[in-house]
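Take a look at the structure set out below.
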Amino acid sequence: DLEQSVCVSFACYHLPSLLPNPPEDGQPPSLEKLTIKSQCSWPTSGDLSLQTKRDGKNFIIPLAPPIFVTPDNCVDISAFIKSGKNTFSVVQQSDMSDYVFVLHAHHPTPVQLSYLASCRQRREDWVKTMCAVCTSEPTKSLWRQS
């Protein structure tokens, strides 16, 4: 059941957007409260990447801006997670002090589930189309009988 599966997303938030006004009681809200309804905001310039290994191969995922994002504008790194120890490095070549990076472990969001459902429907439609094209039902012999 997809709804009960777990995704791991790498997110980036622009700090001034998360904390536009200082809290009245002097205590900042938890990171979860700040990010739960916030849209990811990736830097558009600068050299920023996420580096990891999978099956002994090095992977570099560009993040400024990322090439592949979820519908929620996060980077899904679930495919790089394995049982046991996982190592990721955020590599930056410019000042990123206005950003906060967060790993979210979560069930698929409604937007992700909707996207997966539409992909599944397109795939099923394609299979039906190919079956219709490849299925021939000749009503008469294609060869002339003598």
- How many residues are assigned to a loop (DSSP other than H, G, I, E, B) and buried (at least 16 other Cβ atoms within 10 Å of the Cβ) if we restrict to the stretch 54-64? 1
- Only one of these is in contact (Cβ under 8 Å) with a residue 12 or more places away in the chain, in contact with a Phe, Trp or Tyr (Cβ under 6 Å, 6 or more places away or on another chain) and not in a strand (DSSP E or B): 71, 108, 43. Name it. 71
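No value in this document is a laboratory result; all are computed from the given coordinates. Computed from a predicted model, the values in this text were never measured in an experiment. So basically every Cβ, Gly included, is an ideal-geometry build from the backbone, and we count neighbours across all protein chains shown.
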